[in-house]
Amino acid sequence: MNQQPPLGRSKDKDGGLLKRSLTSLFSLMGLQLGSRLLTFVLNQALFRLASPQAYGTAAIQFELILSTILFLSREGVRNALLRAWPRNTTIHTTQELNSNDDHVPALTNLSALPIILGLPVSLATTVAYSTLASDDVRRQPHFHMALMIYVFAALSELFSEPMHNRAMGEVRTGVRVRAEGLGITCKTLVTYLVLLYDSTRLDSGEFALVAFALGQLAYSSVVFFSYVYQMGYPTFLPTRLATRQESEAVAFRSTFYHIASQYFDINSLHLSLTMTGQSIVKHILTEGDKIILSWWSPLQNQGGYAVAVNYGSLVARIVFQPLEEICRVYFSRTLCPLAEANSTSTGPQFDRRSLGQASEILLSLVSIQLVCSVLVIVFATVYLPIFLHLLLPIQYLSTSAPKVLAAWIWYIPALAINGVLEAFFSSIATSQDLRRQSRWLVGFSVVFIVSAIGFYASDFGDVSLVYANMINLAVRIIYAAQYASTFFDRNKTAHRWKASAPTWQFLLAAVLSYLAISMTKIHHQAVILLQTEGRGAILSAIVMSHLAQGAGMGLCCVVTWWLTSGRYLVRRAPVKTD
């Protein structure tokens with residue numbers, strides 16, 4: 001019997017970090033689930049009020065502008081601060097640390113760096129997009145006004161970074177949950193209300209782009225003031241430190257670092273700048289589909305693609321994104337190198353118990369994700385044709401949305417596994433590792449672009465972007481998995497990926513379930529009924545019987561997993577500490 005690796009068999013030695021990380025994970029997942037359920041309902045109305053052209057411009061092109069400004073300005077700093085923030089820091093200990101040394105003030109200064117970086121990044125991004133946007137996009141009503149509101153919203157969101165980084169450093173996830181949950185709700189409500197008002201006017205559709213822009217501005221404003229209410233006003237500009245860190249600055253032999261040593265922790269600043277440089281290539285990979293889609297696809301199909309991705313990424317946003325973020329926090333804290341004096345020429349030295357625990361948790365997370373991925377592929381491929389008529393408005397059924405949603409079913413597993421592996425990598429990688437990965441990321445970018453162009457040339461349409469992303473994530477998964485194996489081998493810690501594989505009993509149950517629900521007469525009857533009668537047939541006896549059959553087979557698969565591996569994983573996963 002293939003027993004799965006235990007989730008945290010070792011005792012947590014750092015003040016309940018595992019317990020706090022799990023609490024943070026469930027809080028973030030609860031935030032995503034609650035907010036997405038609410039926005040799911042409101043989005044049904046948004047899709048019907050906004051044309052595919054307007055929704056495509058807002059959800060693809062304007063969101064690309066927003067994510068470019070935010071990602072390039074803050075991603076490197078966020079990752080560096082997670083690794084540099086003092087271990088065991090909480091709301092109760094920060095003030096004490098502030099009074100004892102300059103370490104936390106230096107990190108507080110660094111958390112304000114995204115505000116400074118955001119100004120040139122937003123200017124360059126806005127000028128480039130305004131120049132390159134197509135005539136069809138620029139001819140839409142109030143295009144430039146909406147663009148400026150999006151840029152201002154991005155800058156406003158960057159002002160929340162000092163408070164966000166402090167909350168994450170102190171593992172105060174509740175602060176973030178309340179801020180972002182309220183922000184997402186207000187964003188959707190504002191967008192819906194403006195679109196609703198616009199639909200009552202004679203010139204309906206004139207303020208569609210402005211509606212999405214005002215919604216984004218509402219989100220950034222609500223998040224900022226929510227953070228301020230819970231944590232107080234932060235310092236938005238770096239302040240001079242009491243003691244200058246000359247010894248660290250000398251190591252870099254740079255005038256820039258000598259000046260920066262008056263305000264920042266030099267090692268953390270160097271790491272954040274390295275990660276920021278790497279984020280440029282990583283951003284191209286992450287948002288490559290939007291970049292290519294903006295150039296290649298008609299504006300109407302961009303709207304269809306955006307709707308499909310909005311639905312397809314629900315699982316990613318509810319489960320995978322919170323899991324990736326908490327993994328970064330957990331692995332950054334758990335795999336903190338020992339004192340420099342204990343390091344050797346082979347590199348940083350780590351606590352043996354922490355290494356074993358990190359290996360076990362990484363294998364367990366990958367194992368659970370593989371099981372969930374199999375369930376998604378087996379059941380979503382069968383039931384997607386049924387739910388298409390429920391999810392998509394009529395005007396989007398003729399776009400690329402149905403085909404993109406079908407492809408996303410196969411994309412979700414790659415997205416899940418890559419997120420955890422890259423979270424592990426970013427938590428322990430040195431500056432040299434990051435530079436090496438940056439060179440590989442350039443190669444991965446070429447693979448993505450060539451694959452996307454090849455699929456488009458073969459008339460795959462917008463599905464080409466999903467397939468190209470799958471190939472891109474596959475090579476990134478191989479790279480990150482190989483890095484993890486090398487890391488544990490170098491530190492003489494057992495780490496076998498084979499332990500993460502689903503059991504043969506579970507795979508057999510999944511295959512039999514797929515055959516049972518896809519090759520029966522009732523499946524074909526349900527699909528034909530929906531195609532002829534539309535969403536009104538959802539509650540018919542045939543469709544409901546088919547859904548009940550799938551629920552029963554899904555329960556059988558879950559029980560099989562639990563009996564063959566799941567119970568061993570959970571039974572040996574204590575989160576209580578000494």
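The values are calculated or read from the model by the stated rules, or taken from the named source; none is laboratory data. Here the structure is a predicted model, which means the values were calculated and not measured. Using ideal geometry, Cβ is built from the backbone for each residue, glycine included, and neighbour counts are taken over all protein chains shown. Quick note on the areas: whole protein, heavy atoms, side chains included, nothing else; ligands and nucleic acids left out. Shrake-Rupley method; radii C 1.70, N 1.55, O 1.52, S 1.80 Å.
For the range 95-139, the candidate set comprises residues that are modelled with pLDDT of 85 or more, within 22 Å of residue 266 (Cα to Cα) and open to solvent by less than 60 Å² (accessible area, probe 1.4 Å); within that set, the residue that is nearest to the chain's Cα centre (by Cα) is 114.
For every residue, the table says whether it meets (1) of a type in the set (Ser, Thr, Tyr); (2) over 30 Å from residue 268 (Cβ atoms); (3) surrounded by fewer than 16 Cβ atoms within 10 Å (Cβ to Cβ).
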residue	(1), (2), (3)
380	no, yes, no
388	no, yes, no
400	yes, yes, no
415	no, no, no
421	no, no, no
427	yes, no, no
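Listed here are the residues, each with its yes/no results for (1) open to solvent by 30 Å² or more (accessible area, probe 1.4 Å); (2) touching a residue at least 60 places away in the same chain (Cβ under 8 Å).
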| site | (1), (2) |
| --- | --- |
| 433 | no, no |
| 437 | no, yes |
| 449 | yes, yes |
| 458 | yes, no |
| 476 | no, yes |
| 484 | no, yes |
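Beta carbons closer than 6 Å, at least 6 apart along the sequence or on distinct chains, pair a first residue in the range 159-177 that is without any contact (Cβ under 8 Å) to a residue 60 or more places away in the chain with a second that is open to solvent by 10 Å² or more (accessible area, probe 1.4 Å) and of a type outside the set (Phe, Trp, Tyr) for 175/230.
Okay, residues lined up against (1) at pLDDT 65 or above; (2) within 27 Å of residue 304 (Cβ to Cβ); (3) surrounded by fewer than 17 Cβ atoms within 10 Å (Cβ to Cβ); (4) within 18 Å of the chain's Cα centre (by Cα):
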| position | (1), (2), (3), (4) |
| --- | --- |
| 21 | no, no, no, yes |
| 71 | yes, yes, no, yes |
| 77 | yes, no, no, yes |
| 88 | no, no, yes, no |
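Evaluated against (1) more than 30 Å from residue 443 (Cα to Cα); (2) modelled with pLDDT of 85 or more; (3) not aliphatic (A, V, I, L, M), residue 534 falls short on exactly one condition, (2).
Specify the residue that is nearest to residue 446 (Cα to Cα); the eligible residues are those in the range 298-316 that are surrounded by fewer than 22 Cβ atoms within 10 Å (Cβ to Cβ) and hydroxyl-bearing (Ser, Thr, Tyr). So the residue we want is 313. Of the set (1) open to solvent by less than 50 Å² (accessible area, probe 1.4 Å); (2) at pLDDT 80 or above; (3) over 30 Å from residue 429 (Cα atoms), all apply to residue 205 but (2).
Within the range 182-207, the set of residues being in contact (Cβ under 8 Å) with a residue 60 or more places away in the chain, of a type in the set (S, T, N, Q) and either farther than 13 Å from residue 51 by Cα or touching an Asp or Glu at 6+ places or on another chain (Cβ under 6 Å) (or both) comprises 185, 188, 191.
From 488, 425, 506, 444, grab the single residue that is within 24 Å of residue 557 (Cβ to Cβ), assigned to a helix (DSSP H, G or I) and in contact (Cβ under 8 Å) with a residue 40 or more places away in the chain.
Details: 488 fails: within 24 Å of residue 557 (Cβ to Cβ); 425 fails: within 24 Å of residue 557 (Cβ to Cβ); 444 fails: within 24 Å of residue 557 (Cβ to Cβ).
After ruling out the rest, the residue left standing is 506.
In the list 530, 473, which residue meets the criterion of being hydrophobic (A, V, I, L, M, F, W, C) and under 30 Å from residue 294 (Cα atoms)?
Working: 530 fails: under 30 Å from residue 294 (Cα atoms).
After applying the criteria, what remains is 473.
As a summary of the residue check, residue 490 satisfies the conditions (1) at pLDDT 90 or above; (2) under 30 Å from the mean Cα position of the chain (by Cα); (3) open to solvent by 60 Å² or more (accessible area, probe 1.4 Å) except for the one numbered (1). Among all positions in the range 433-440, there is no residue which is farther than 23 Å from residue 75 by Cβ and among the basic types (Lys, Arg). Taken over the range 509-541, the criterion of being assigned to a helix (DSSP H, G or I), under 24 Å from residue 392 (Cβ atoms) and either open to solvent by less than 60 Å² (accessible area, probe 1.4 Å) or in contact with an Asp or Glu (Cβ under 8 Å, 6 or more places away or on another chain) (or both) is satisfied by 517, 518, 522, 523, 526, 527, 529, 530, 534, 537. Checked against (1) over 29 Å from residue 371 (Cβ atoms); (2) open to solvent by 30 Å² or more (accessible area, probe 1.4 Å), residue 545 meets all criteria but (1). Taking residue 60, is it in a helix (DSSP H, G or I), modelled with pLDDT of 70 or more and closer than 30 Å to residue 433 by Cα? Criteria not met by residue 60. Please determine, by comparing only the residues of the range 218-247 that are in contact with a Ser or Thr (Cβ under 7 Å, 6 or more places away or on another chain) and open to solvent by less than 70 Å² (accessible area, probe 1.4 Å), which one is modelled with the lowest pLDDT. Checking each candidate, the answer is 245. Of the candidates 412, 517, the single residue that is in contact (Cβ under 8 Å) with a residue 40 or more places away in the chain and within 30 Å of residue 298 (Cα to Cα) is 412.
Please verify whether the range 144-159 includes one or more residues that are over 24 Å from the mean Cα position of the chain (by Cα), under 19 Å from residue 47 (Cβ atoms) and open to solvent by less than 40 Å² (accessible area, probe 1.4 Å). Yes: the range 144-159 contains one or more residues that are over 24 Å from the mean Cα position of the chain (by Cα), under 19 Å from residue 47 (Cβ atoms) and open to solvent by less than 40 Å² (accessible area, probe 1.4 Å).
Select from the range 460-472 the residues that are part of a loop (DSSP other than H, G, I, E, B) and in contact (Cβ under 8 Å) with a residue 60 or more places away in the chain and write down the one among them that is farthest from residue 359 (Cα to Cα).
Taking the range 460-472 first, the residues part of a loop (DSSP other than H, G, I, E, B) are 460-462.
Still in the list and also in contact (Cβ under 8 Å) with a residue 60 or more places away in the chain: 461-462.
Working: 461: 41, 462: 38 Å.
Top of the filtered list is 461.
Here is the figure for the range 301-320: residues that are at pLDDT 75 or above and of a type in the set (Phe, Trp, Tyr) total 2. If you go through the range 183-202 one residue at a time, how many are hydrophobic (A, V, I, L, M, F, W, C) and surrounded by fewer than 17 Cβ atoms within 10 Å (Cβ to Cβ)? Count: 4.
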